[in-house]
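Below is one structure, written out as structure tokens, with a few remarks after it.
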Amino acid sequence: MIIQDLQVNSRKLPLHMPFKTALRIATEIESIEVSLILENGVIGKGAAAPTFVITGDSSEGMEAALIGPIKNALIGLDITLFQTALQRVQSCCVGNPSAKAAADIALHDAYCKLLNLPLHAFLGDKKPLHTCMTIGVDTPEKMASDAIKSVKDGFQILKVKVGANPELDIDRIEAIQEVVDETTKLRLDANQGWKPKQAVWLINEMEKREFNIEFIEQPVVSYDLEGLKFVTERVGVPIMADESLFSAKDTMKLITGRYIDLLNIKLMKCGGISQAWTIASIAETNGVECMIGSMMEPAFSVGAAAHFAAAHPNVKYFDLDAPLWLSEEPDVLKYNGADIQLSDSPGIGVVEN
Ligand code: MG
């Protein structure tokens with residue numbers, strides 16, 4: 001079944017409240033949408049968002065990669081040579097992980113539609129998914145009131161953004177800890193905002209105060225792997241790589257060098273489902289657990305990530321709340337509090353209401 005065409009469309013998706021991290025404040029995202037058209041008329045859909053400050057992907061760059069080398073690599077290929085198609089997307093150009101993710105998702109959607117299978121069934125499992133909810137970095141008072149609302153909305157795990165004005169971080173976590181009960185777990189994400197010694201001091205202080213912290217993401221700047229290791233070796237709370245992890249090669253390095261305890265996989269960083277699967281499998285072989293995360297992204301690409309997470313046995317933690325920040329309703333996922341319902345229609349699918 002020949003791939004006949006690849007088309008790209010982009011649109012802006014407003015957020016219903018600003019998303020604040022140590023790296024950026026977002027009020028809207030751009031959705032880059034791919035349609036992959038097969039000779040029998042089946043259309044595979046893919047989507048992605050540019051996150052310049054993390055992956056280097058801009059919307060213009062993504063469109064250029066998709067209608068240039070990625071399209072050239074796929075047009076005329078038989079999609080039943082599925083692994084060849086996935087491989088061509090990865091090898092046709094350097095970088096551009098989010099553009100590659102959009103194409104990889106579209107290939108999965110098209111192939112699953114051809115096979116008449118939901119993506120989770122094609123990948124081979126459907127474990128339950130429960131997401132955390134993000135608390136954006138802000139004043140301790142605002143973060144505590146956001147935490148109260150999220151717990152009321154049914155979230156038992158809060159992902160708390162820290163690392164902007166680090167001198168406030170202990171107060172931020174203390175304020176949240178005071179308003180939630182002991183069943184609420186906190187995941188901290190410094191988004192590279194701490195220095196290594198500062199991170200050790202802050203985390204040790206949080207440990208002394210017995211905050212209920214499950215793990216801490218990316219305490220220091222992405223390229224400072226020795227700094228990451230310095231922190232990992234000196235604290236009890238597990239440390240997770242996010243911005244330091246893009247590829248399967250990064251995975252090998254982070255694990256064999258014992259730089260971190262856990263990995264945060266995002267389709268936008270690694271280039272899609274095929275690469276995410278490889279990363280999670282390398283980590284599984286080495287006894288390192290993974291989380292599936294997302295950028296602020298369209299619901300469609302988060303839907304693809306959710307199918308992957310439900311199917312791969314080594315994805316143990318789920319951070320897939322991005323669609324809940326968008327003004328428009330997600331159509332490929334359904335949220336009931338923290339529980340995520342996947343679509344059972346072919347491909348990434350549509351959830352019936
Ligand atoms: Mg993160």
Nonlocal amide H pairs with Leu333, under 5 Å, H built at 1.01 Å: Val351
Which links in Lys185/Lys249; Lys100/Lys185; Lys12/Lys152; Lys142/Lys269; Lys126/Lys334 stretch past 24 Å when you go from one Cα to the other? Lys185/Lys249; Lys100/Lys185; Lys12/Lys152; Lys142/Lys269
7 Å from Cα along Cα→Cβ at both Lys152 and Met252: what's the point-to-point distance in nm? 5.1
Spelling out what I want: for every residue of the range 162-171, take phi, set θ = phi - 60°, compute 6.51 cos²θ - 1.76 cosθ + 1.60 (Karplus), and round to whole Hz; glycine and proline get x. 10, x, 9, 6, x, 4, 8, 5, 5, 4
Tally up the carbon and sulfur contribution to the accessible surface of the chain as a whole percent, 1.4 Å probe, everything protein left in place. 50
Thr139: net charge of surrounding residues, Cβ under 13 Å, Lys/Arg +1, Asp/Glu -1, itself excluded? -3
Would you calculate the separation in nanometres between label points at Glu28 and Ile75, each defined as 7 Å from the Cα along the Cα-to-beta-carbon direction? 3.1
Could you give me the ³J(HN,Hα) list for the range 336-350, computed from phi with Karplus coefficients 6.51, -1.76, 1.60 and θ = phi - 60°, whole Hz, x at Gly and Pro? 10, x, 8, 7, 10, 9, 8, 6, 9, 7, x, x, 5, x, 10
How much accessible area per residue does the chain have, in Å², with a 1.4 Å probe? 40
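How much length is gained if the chain between Ser91 and Asn40 is pulled fully straight, taking 0.36 nm per residue apart and subtracting their Cα-Cα distance, in nm to one decimal?
That works out to 15.7 nm of additional length.
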Long-range amide H contacts for Thr134: which residues qualify at under 5 Å (H placed 1.01 Å from N, peptide plane, sequence gap of 5 or more or a different chain)? Lys159
Relative contact order, percent, the range 1-110 [alpha-carbon distance under 8 Å, six or more residues apart]: 31
Using modelled amide H (1.01 Å from N, peptide plane; none on Pro or chain starts), what sits under 5 Å from the amide H of Gly347, excluding residues fewer than 5 places away? Lys113, Leu117, Leu119
Could you tell me how far the Cα centroid of the range 227-242 sits from the Cα centroid of the range 319-334, in Å? 31
So, over other residues within a Cβ distance under 15 Å of Ser281, counting Lys, Arg +1 and Asp, Glu -1, the net charge is -2
Setting aside same-chain residues fewer than 8 positions from Lys316, which aspartates and glutamates have a Cα under 18 Å from its Cα? Asp125, Asp189, Glu214, Glu217, Asp242, Asp261, Glu284, Glu289, Asp339
Solvent exposure ordering (accessible area, 1.4 Å, most first) of Lys249, Lys195: Lys249, Lys195
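The values are calculated or read from the model by the stated rules, or taken from the named source; none is laboratory data. Quick caveat, the model's predicted, so the values are computed rather than measured. Methodologically, a virtual Cβ is constructed for each residue, glycine included, from the backbone with ideal geometry; neighbour enumeration extends over all protein chains shown. To get the accessible areas, we keep the full protein, side chains included, count just its heavy atoms, and leave off ligands, DNA and RNA. Shrake-Rupley method; radii C 1.70, N 1.55, O 1.52, S 1.80 Å.
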